[in-house]
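Participant: Pasting a structure below so you can have a look.
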Amino acid sequence: MSNANVTLVQTLYDAFGRGDLSTIVAAMSPDVDWHSGGRASDYPGFGPRKGPKAVEEFFKIVADNNDFHHFSPREFYPVDDKVFVLGEYAMTLKKSGKTYESDWVHIFTIPGGKVAKFREFLDTARAAEAYRG
């Protein structure tokens, strides 16, 4: 189960790199609980979302607001129905023109082959500062 979950998560990162939202959305459970970072008032992609349509909206917000220099998932750790991923990214925020980089942790919960829960932890203070300019 854990190896299948790691493979699924790697497939999702590959789809993100290609801009393939349909593959990402198709891997979500109908009631997926998705949460990235902190407050939406600090950056529009932050905050909780519920359901595949909301996940699709999240990725559209990311595309509309960021020019990635790199997005690098580096380490994958399966534990039961979870996959913990350590990585880093660097980007320019389109609104401000400021560059932002951060290490991050993504936690996917994948019972039964679909992503039921996602959490992203990153340097939200630096992201908000870059977004505001």
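Participant: Out of curiosity, is D67 in a strand (DSSP E or B), more than 12 Å from the chain's Cα centre (by Cα) and within 24 Å of E129 (Cβ to Cβ)?
Facilitator: Yes; evaluated as a whole, the condition is true for this residue.
Participant: Restricting to segment 104-133, count the residues that are surrounded by fewer than 17 Cβ atoms within 10 Å (Cβ to Cβ) and farther than 18 Å from G47 by Cα.
Facilitator: So the answer is 5.
Condition check ((1) touching a residue at least 24 places away in the same chain (Cβ under 8 Å); (2) over 16 Å from L122 (Cβ atoms); (3) surrounded by 14 or more Cβ atoms within 10 Å (Cβ to Cβ)) across all residues:
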residue	(1), (2), (3)
G37	yes, no, yes
V55	yes, yes, yes
H70	no, no, no
R74	no, no, no
D81	yes, yes, yes
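Participant: Looking at E75, E88, which one is acidic (D, E), in contact with a Leu (Cβ under 8 Å, 6 or more places away or on another chain) and at pLDDT 95 or above?
Facilitator: The conditions single out E75.
Participant: Can you name the residue in segment 43-64 that is assigned to a loop (DSSP other than H, G, I, E, B) and in contact with a Phe, Trp or Tyr (Cβ under 7 Å, 6 or more places away or on another chain) and, of all such residues, is farthest from G113 (Cα to Cα)?
Facilitator: Y43
Participant: Next question. Those residues that are hydrophobic (A, V, I, L, M, F, W, C), part of a strand (DSSP E or B) and in contact (Cβ under 8 Å) with a residue 40 or more places away in the chain, I need them from segment 94-121; list them, please.
Facilitator: Listed by number, the residues that qualify are F108, V115, A116, F118, F121.
Participant: Considering each of K60, K50 in turn, give the residue that is open to solvent by 60 Å² or more (accessible area, probe 1.4 Å), in contact with a strand residue (DSSP E or B) (Cβ under 7 Å, 6 or more places away or on another chain) and modelled with pLDDT of 95 or more.
Facilitator: K50
Participant: Any idea which of (1) closer than 15 Å to N5 by Cα; (2) over 13 Å from the mean Cα position of the chain (by Cα) is the one K53 doesn't satisfy?
Facilitator: If we test K53 against (1) closer than 15 Å to N5 by Cα; (2) over 13 Å from the mean Cα position of the chain (by Cα), just (1) comes out false.
Participant: Do we have T92 as open to solvent by less than 50 Å² (accessible area, probe 1.4 Å) and either among the hydroxyl-bearing types (S, T, Y) or in contact with a helix residue (DSSP H, G or I) (Cβ under 8 Å, 6 or more places away or on another chain) (or both) here?
Facilitator: Against the criterion (open to solvent by less than 50 Å² (accessible area, probe 1.4 Å) and either among the hydroxyl-bearing types (S, T, Y) or in contact with a helix residue (DSSP H, G or I) (Cβ under 8 Å, 6 or more places away or on another chain) (or both)), T92 qualifies.
The values are calculated or read from the model by the stated rules, or taken from the named source; none is laboratory data. Computed from a predicted structure; not experimentally measured. When we count neighbours, we look across all protein chains shown, and the Cβ atoms used for this are built from the backbone with ideal geometry, even at glycine. Surface areas here come from the heavy atoms of the whole protein model, side chains and all, with no ligands, DNA or RNA. Shrake-Rupley method; radii C 1.70, N 1.55, O 1.52, S 1.80 Å.
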